[in-house]
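Comments concern the structure below.
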Amino acid sequence: MSRVVKKSPSLCTDLPLDNTDVCAKLHLLKQLLGSCFGPTGRLKQVHNNIGGHVVTTSTSSVLLPAISSSQPFVNMIKISILNHVSRFSDCGLFAAILCLALIDQSQRSPLRKNVSIKVNKHLLDVCTSYLQRGDCGCKLKLDFCSSQNLITLARSVISSKPACVLTEAETLHISKLVVQAFLLAIPCGKPGIVSLGKTVTVSVEGYSVLHSAVFPGLLINITDALFLDKVENQPLTPLRVVVFSASLSGDLSELEDGTIEVYSDADTDSQILNQLLELGKQMVKEEVKLFVCQKVINPVLQHYLRTHGIIVIERLGIALMEPLIRLTGAQPVATIHTTVPKKAYGEVGDLSIQRFGSKTLLHLHPLQQSAICTIILCHRNDTMLSELKTSLPVHFHLRDRFFNFHLVCQKTEHVLRLTLKEPFALLGGGCTETHLAAYVRHKSMNEATDVASVIGCSQTEYLLGVEAFCSSLECVAAALDHSSGNSIIDLIHGHHCTVPAESINKNMEDSVSFCGCGLVKSSPSKKWTFLNTKYKEFSPTPLYEDTTLQPCVLDSFTAKFNALQVAIETANLALDVRYIIQDVN
């Protein structure tokens, strides 16, 4: 009993947002994430003081899990953002910065917390209603007849990952490959319910990014030089394929689950080997040309199959089983105790060899049009390759000691797939944020009396809440600049632009060429003002269709729409927390 330590009472923190330590940590988190935002965001190196590898990234899905905090209040916000990223794969930093900005603005405002929450809820409804309107001035409908906007959307996601260290040409090249892989993964001409295909990624280190390529079909890494002659000598007719999910090593422990009774004089090794050879004879009789096993194949069986002209692939791994099965139409065989049924065989149209650096890859061509493709992803450096893979249409990675396999989907592929459900994009470069802020200010000013009575506050309190909300949106736009520049807004369309710090004493119109998204061009008729100054509210005018101008930065509509809701709801939750009760035992 002397070893029993008396439990300490739980630690209770009253009004956490009035706690100096909590506020300091929230401010630090906001600075940390804000400095990572956008294509010129600063990289962060995170290292646990008890060991482990160093994480170099500016991506929220990698950065937030690497940051640990003993403060439950901070962890609540972090988990909320990570949950959004796991579902939508993009706009994590947007959600985090907006959430923290709303909390910060509420702290500075004289408003009561419950009034701030009510105003935020109402303005969230205003924003979501506007974004879903057909005449929304910061939304763009995607035309799938042209790949231009899809490439722009993909490029915006990839360029927001500076740890990839890509040139402009390399970013554009990868963006085109991503869109190509995305389109190849969409089944065509199939009636009824269809499922999207799979994209497999093979990493090649030490090659230029411009050597990256996309191939219809499946590429499998091979190390056996005997493959080469067999592949080149295959006939052009469809090739029969068999796929085993069961181990063919010949070990008793690998056969099946259950109890095995063995007679004392029985030679189990010979019996199992004979059974494997019988299987091999069946494969030769059935004219199988490609024999694939998810696990290990006994060397004797391998030798027998190869001497009869059959290409053998072992240790395929579970990750490649699904795309292989979908490509070939084969049914995986899970036992060696029965004859392989006819319906279990699949087919490929052709086999060929592809070489990238030190890797030799067997290319399985589909017999018919297939939604399976492979992207060969090259980079000069393995760490940068790891960061780049988190932005590509990747479902399976053949080799990567840095990659976090718990990520559900990768950013660009998921963003493009989201457009199939909602074929829209939002203007990037901070223009959506400033446009929304201008719209909310104008609408709220005109409806202040009616709305204030509905939510139960004074008109002055409502307008203070509106200003805090709009300033938070503008704070997100301003976070895109990391060079001490000035963020400005045009007073016609409500678009955002960043100008050098020295332009503050010059004619502002002369310092602006285009806005952040690239659709608003500076002209003598355009008036600009600084974001951090008071300016008269105005109704932002939607842009008329101009075929000569195309947006240069786009954001995912679905991801950002959800991120907006997550940010405001999480901020309201944080503002509503009265106590934190923490078990310190």
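The values are calculated or read from the model by the stated rules, or taken from the named source; none is laboratory data. Source: prediction; values computed, not measured. Glycine also receives a Cβ, built like all others from the backbone with ideal geometry; neighbour counts cover every protein chain displayed. Surface accessibility is based on the protein's heavy atoms, side chains included, excluding ligands, DNA and RNA. Shrake-Rupley method; radii C 1.70, N 1.55, O 1.52, S 1.80 Å.
Miscellaneous remarks
- In this structure, residue 61 does satisfy being assigned to a helix (DSSP H, G or I), crowded, with 17+ Cβ neighbours inside 10 Å and of a type in the set (Ser, Thr, Tyr).
- Qualifying residues in segment 262-277 (those that are over 47 Å from the mean Cα position of the chain (by Cα) and at pLDDT 65 or above) - the one surrounded by the most Cβ atoms within 10 Å (Cβ to Cβ): 268
- For residue 85, the conditions (1) open to solvent by less than 40 Å² (accessible area, probe 1.4 Å); (2) closer than 30 Å to residue 448 by Cβ all hold with the exception of (2).
- Scan segment 174-202 for residues that are more than 19 Å from residue 157 (Cβ to Cβ) and either out of contact with any Ser or Thr (no Cβ under 7 Å at 6 or more places or on another chain) or modelled with pLDDT of 85 or more (or both) and the total you get is 12.
- Filter result for the condition that a residue is modelled with pLDDT under 90 and within 25 Å of residue 467 (Cα to Cα), over 92, 51, 38: 38
- Boolean, residue 28 is modelled with pLDDT of 85 or more and open to solvent by less than 50 Å² (accessible area, probe 1.4 Å): no
- Scanning segment 534-576 for residues that are among the aliphatic types (A, V, I, L, M), surrounded by fewer than 22 Cβ atoms within 10 Å (Cβ to Cβ) and modelled with pLDDT of 90 or more turns up 573, 575.
- Restricting attention to segment 1-31, the residues that are under 30 Å from residue 168 (Cα atoms) and in contact (Cβ under 8 Å) with a residue 24 or more places away in the chain add up to 1.
- Number of the exception - residue 213 against (1) under 19 Å from the mean Cα position of the chain (by Cα); (2) modelled with pLDDT of 80 or more: (1)
- Failed criterion for residue 518 (all others in (1) in a helix (DSSP H, G or I); (2) over 26 Å from residue 99 (Cα atoms); (3) open to solvent by less than 40 Å² (accessible area, probe 1.4 Å) hold): (1)
- Which numbered condition residue 118 misses (of (1) under 30 Å from residue 455 (Cβ atoms); (2) open to solvent by 10 Å² or more (accessible area, probe 1.4 Å); (3) assigned to a helix (DSSP H, G or I); (4) out of contact with any Cys (no Cβ under 9 Å at 6 or more places or on another chain)): (4)
- Inside segment 132-183, residues that are within 19 Å of residue 517 (Cβ to Cβ), of a type in the set (Val, Ile, Thr) and out of contact with any Leu (no Cβ under 6 Å at 6 or more places or on another chain) make up a count of 4.
- Residue 207 meets the conditions (1) under 21 Å from residue 351 (Cα atoms); (2) at pLDDT below 85; (3) surrounded by 15 or more Cβ atoms within 10 Å (Cβ to Cβ) in every case but one. The failed one is (1).
- The set of residues in segment 138-164 being touching a Pro at 6+ places or on another chain (Cβ under 6 Å) and at pLDDT below 90 consists of 159, 160.
- Tally, over segment 487-508, of residues that are under 22 Å from residue 552 (Cα atoms) and either modelled with pLDDT of 85 or more or surrounded by fewer than 16 Cβ atoms within 10 Å (Cβ to Cβ) (or both): 13
- Residue 231 vs. criteria open to solvent by less than 20 Å² (accessible area, probe 1.4 Å), of a type in the set (A, V, I, L, M) and modelled with pLDDT under 80: yes
- Taken together, the residues in segment 330-377 that are out of contact with any helix residue (DSSP H, G or I) (no Cβ under 7 Å at 6 or more places or on another chain) and open to solvent by 40 Å² or more (accessible area, probe 1.4 Å) amount to 15.
- Among the residues listed as 236, 301, the single one being among the aliphatic types (A, V, I, L, M), at pLDDT below 90 and more than 37 Å from the chain's Cα centre (by Cα): 236
- Of the residues making up segment 442-462, not one is crowded, with 24+ Cβ neighbours inside 10 Å and of a type in the set (D, E, K, R).
- Among (1) modelled with pLDDT of 85 or more; (2) surrounded by fewer than 18 Cβ atoms within 10 Å (Cβ to Cβ) - the single one residue 224 does not satisfy: (1)
- Search result, residues across segment 150-171 that are under 23 Å from residue 424 (Cβ atoms) and open to solvent by 20 Å² or more (accessible area, probe 1.4 Å): 151, 155, 159, 160
- Criterion violated by residue 66 - all others in (1) modelled with pLDDT of 90 or more; (2) within 28 Å of residue 585 (Cα to Cα); (3) in contact with a strand residue (DSSP E or B) (Cβ under 8 Å, 6 or more places away or on another chain) satisfied: (1)
- Any chance residue 487 is touching a Cys at 6+ places or on another chain (Cβ under 8 Å) and of a type in the set (Ser, Thr, Tyr): yes
- Segment 89-110, residues that are touching a Leu at 6+ places or on another chain (Cβ under 7 Å), open to solvent by 10 Å² or more (accessible area, probe 1.4 Å), in a helix (DSSP H, G or I) and not aliphatic (A, V, I, L, M): 107
- Of everything listed in (1) closer than 13 Å to residue 247 by Cα; (2) within 43 Å of the chain's Cα centre (by Cα); (3) surrounded by 13 or more Cβ atoms within 10 Å (Cβ to Cβ), the single unmet condition for residue 283 is (1).
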